[in-house]
Amino acid sequence: MNILAIESSCDETSAAVLANGHVLSNVIATQLIHEQYGGVVPELASRAHQQHILPVVDRALTDANVPKNELSAVAFTRGPGLLGSLLVGASFAKALALGLRIPLIEVNHMQAHVLAHFIEAPKPSFPFLCLTVSGGHTQIVRVDGPLDMTVIGQTQDDAVGEAFDKSAKLLSLPYPGGPLIDKYAKEGNPLAFRFPMGDMPNLDFSFSGIKTAIMYFLRDNIRVNPDFVAERLPDICASIQHTLVQMLLTKLKRAARETGIREIAIAGGVSANNGLRTALMQTGAEQGWNVFIPRFEYCTDNAAMIAMAAQFKYEHGEFTAQDVSPLPRMSF
Ligand code: ATP
Ligand code: MG
Ligand code: FE
């Protein structure tokens, strides 16, 4: 069985071919145009998807060495994401499925981030908890089966990826700043500066307070020393990263305690963060967890994870009708 999957929810145009659970190709075109604007510009994202989608799909089929007429289904991201971006992938997938007379499969992008864990061994066993941390979401998901997931905690305001990116912007680092904070943090002292972690009830998160705290912290220090950021960049980045990672781990520990689940996974773009990966492995060793961390290329947006989710749906006979439309705020 060969599944072609298309991902176009935000600023990555991606296509992948999965053959019976094995990734044959996973092509990702990242849109660099947004860097000069300091964030994703929706209109430009849609146009770039429109330009990239045909060459990216072609390349995925060529790399996989699978001709179109040997495809069993076409999958696409229905949501959540930017409407104009989602429309490009959805329309393309619908047309292709119709033309080839094969089934169409819709996929929830956030479920796909979780199911990225089933692309390669070691795979978590059910039930497990997944901390899904990305540019638009911060969730603790209880996963009872491939298509049986419940969000048991989530952010009430900004996503943690947004907190990374906005902090980076305050430090005048280019967009997306998350990976740069990670890079500079490696040479800094995580305990050099302290930021308030705030406190949310239950398993929910809030990241808007820390963003404001960092803004005032920088303003006050720059007033005293105009070169403060240039002189202390590694320490500032390490301290911000440490704070954000501790906020995530505090809730993850609480979730593990409350559910009694010790199979713990992370997913989404921010799971590429080295500070988070290291801290999770340490915490896991202390708490007796089985920890699952995906390979870097399956953390950020990619179509291989969409294909993986689609394969589970295919096995359950969950197909989508041609009159489907994207859902920018799709939940599960
Ligand atoms: P969503 O999945 O919620 O729709 P998205 O698709 O934009 O949002 P992803 O591509 O999964 O999100 O992740 C992008 C985010 O991950 C950005 O905020 C980026 O800064 C962050 N990120 C990527 N690598 C790192 C890293 N090494 N350290 C910190 N943040 C990172
Ligand atoms: Mg992205
Ligand atoms: Fe994503």
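Structural remarks
- Once the gyration tensor of the Cα atoms in the chain is diagonalised, the equivalent ellipsoid follows with semi-axes of 35, 23, 16 Å, ordered largest first.
- All-pairs Cα distance distribution in the range 1-105, expressed in whole percent, bin size 5 Å: 2, 15, 25, 24, 17, 10, 5, 2, 0
- Packing-based order for 207-220, 305-318, 245-258, 269-282, using average beta carbon neighbours within 10 Å, highest first: 305-318, 269-282, 245-258, 207-220
- The chain, relative contact order in percent, only Cα pairs under 8 angstrom and at least six apart counted: 25 percent
- The range 60-169 - convex hull of the alpha-carbon atoms, volume per residue in Å³: 154 Å³
- Nearest-ten-degree value, helix 303-315 long axis tilted from longest Cα axis of the chain: 50 degrees
- Using the average count of surrounding beta-carbon atoms within 10 Å as a protection proxy, the listed peptides 3-14, 79-90 rank, highest first, as 3-14, 79-90.
- Think of the chain as having a plus end and a minus end, set by charges on the Cβ of Lys, Arg, Asp and Glu; of Phe296, Leu248, His34, Leu248 sits farthest toward the positive end of this dipole.
- Cross-link partners for Lys313 among the lysines, with Cα-Cα distance under 29 Å and sequence neighbours closer than 8 places in the same chain left out: Lys68, Lys94, Lys123.
- Cα-based Lys proximity count in the range 136-277, under 18 Å, for pairs eight or more positions apart or on separate chains: 4
- Highest-first arrangement of 48-61, 183-196, where packing means the average Cβ count within 10 Å: 48-61, 183-196
- At q = 0.19, 0.21, 0.24 Å⁻¹, base-10 log of I(q)/I(0) for the range 198-306 (Debye sum, equal scatterers on each alpha carbon): -1.07, -1.17, -1.31
- In this structure, the amide hydrogen of Gln154, modeled 1.01 Å from its nitrogen in the peptide plane, lies closer than 5 angstrom to those of Ile140, Asp204, Phe205, counting only residues at least 5 positions away or on a different chain.
- Computed from point charges on the beta carbon alone (+1 for Lys and Arg, -1 for Asp and Glu), the dipole magnitude for the range 175-332 about its Cα centre is near 340 Debye.
- Size descriptors for the range 41-80, from the alpha-carbon set: Rg then Dmax equal 12.7, 37 Å.
Each value in this text was obtained by applying a stated rule to the coordinates, not by laboratory testing. Note that the coordinates shown come from a computational prediction; the quantities given were computed from them, not determined experimentally. Don't worry about glycine lacking a Cβ; one is built from the backbone with ideal geometry, like all the others, and counts go over all protein chains shown.
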